[in-house]
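The values are calculated or read from the model by the stated rules, or taken from the named source; none is laboratory data. A quick note: this is a predicted structure, and the numbers were derived from the prediction, not measured. Ideal geometry is used to build each Cβ from the backbone, glycine not excepted, and the neighbour counts take in all protein chains shown. Surface accessibility is based on the protein's heavy atoms, side chains included, excluding ligands, DNA and RNA. Shrake-Rupley method; radii C 1.70, N 1.55, O 1.52, S 1.80 Å.
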Amino acid sequence: MFSNDRLVILDADGTTIDAFRAIEKAFTHLGMDIGPLARFQKRRNLFKYIGGFKEMPQNLRRQIGPGRRTKLIATLTEVYREEACMFDGIEALVHRLTAADDVRVGIVTRNITNDPLVTLTKLFDRHGIEPERLDFLVHLPLSENKLGYFRQTRERFNINPARAFACGDEAKDFRAAINSGMHPFMVSYGFEDFDRLHGKHEIPAEVISRSPDELAWRVLHALQLDPEPALSPVTD
């Protein structure tokens, strides 16, 4: 028998966290240029961090060589911990989800900073989200598929697949959600734009949110949660 709880798995970079702005700041600190978001979203993963044709020569010169990648990751880590932000509206969404007694909510991420769980804990703490508010915070290597952990998480909390949801910004997030029996919430403001998600990867337009506010509305509506917890009635 399943529990009566619902499950929401959030992605970090590009879904809850404005990763592009963090990467942009790290590149600027090191004298590099990542290019505009619109072009960043259209690049394949292999090329996302070396820029387009305009930025590539300069970026490659500053990324190739002893210790340069280490310095880039260290700079990105510092930016995440001290400057990076959650998207507008997502902080309130996380607070609302964690306040619901029957919702299990947490984050599965492939964040590439140093000690990513420490990094994300610092970032979330700046937004008033203490680690204990989340039911799980998991980091996976870049090479590891989220599918296995999605299934493990659902089984750990004994959740009916029909009451499980996963949010992400890349096609592989969609596949992991579908293949684990969960409902996908996709966003087109992160690492992949709407045309790439819908046109190239054939993800249904109906499950793609174009803004953080739209994602928050979709999630809360699906879970039948008001934007803010209902206040207890005042009694004499």
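To the nearest 10 degrees, how steep is helix 19-29 against the longest Cα principal axis of the chain, on a 0 to 90 scale?
That helix lies at roughly 30 degrees to the long axis.
Pull up all non-local amide H partners of ARG6: gap of 5 or more, or a different chain, and H-to-H distance under 5 Å with H placed in the peptide plane.
VAL103, ARG104
For the range 153-214, what Kirkwood radius comes out of the mean inverse Cα-Cα distance, in Å?
On the way: mean 1/r = 0.0842 Å⁻¹.
Over the range 153-214, the inverse of the mean reciprocal pair distance is 11.9 Å.
Consider just the alpha-carbon atoms of the chain and return their Rg together with their Dmax, both in angstrom.
Looking at the chain, its Cα Rg and Dmax stand at 18.4, 71 Å.
Name the long-range amide H neighbours of SER209: under 5 Å, sequence gap of 5 or more, or other chain; modelled H, no Pro or chain starts.
Residues meeting the amide H criterion: MET186, VAL187, SER188.
Counting heavy atoms of the protein chains only and a 1.4 Å probe, report the per residue accessible area for the chain as a whole number of Å².
Values: 12160 Å² over 236 residues.
Solvent-accessible surface per residue comes out at 52 Å².
Which percent of the accessible area of the chain is formed by carbon and sulfur heavy atoms (probe 1.4 angstrom)? Don't jump to the answer; show the numbers that get you there.
On the way: 6310 of 12160 Å².
Taking all protein chains in place, the chain shows 52 percent carbon and sulfur surface.
With the dipole of the range 93-236 worked out from charges on the C-beta (+1 for Lys and Arg, -1 for Asp and Glu) around the Cα centre, which of ALA176, VAL108, ALA162 lies farthest toward the positive end?
Most positive-ward Cα: ALA176.
Kindly write out, for the range 203-208 in residue order, the coupling ³J(HN,Hα) from the Karplus curve 6.51 cos²θ - 1.76 cosθ + 1.60 (θ = phi - 60°), rounded to whole Hz, with x marking Gly and Pro.
Ordered by residue, 3J(HN,Hα) equals 7, x, 4, 5, 9, 9 Hz.
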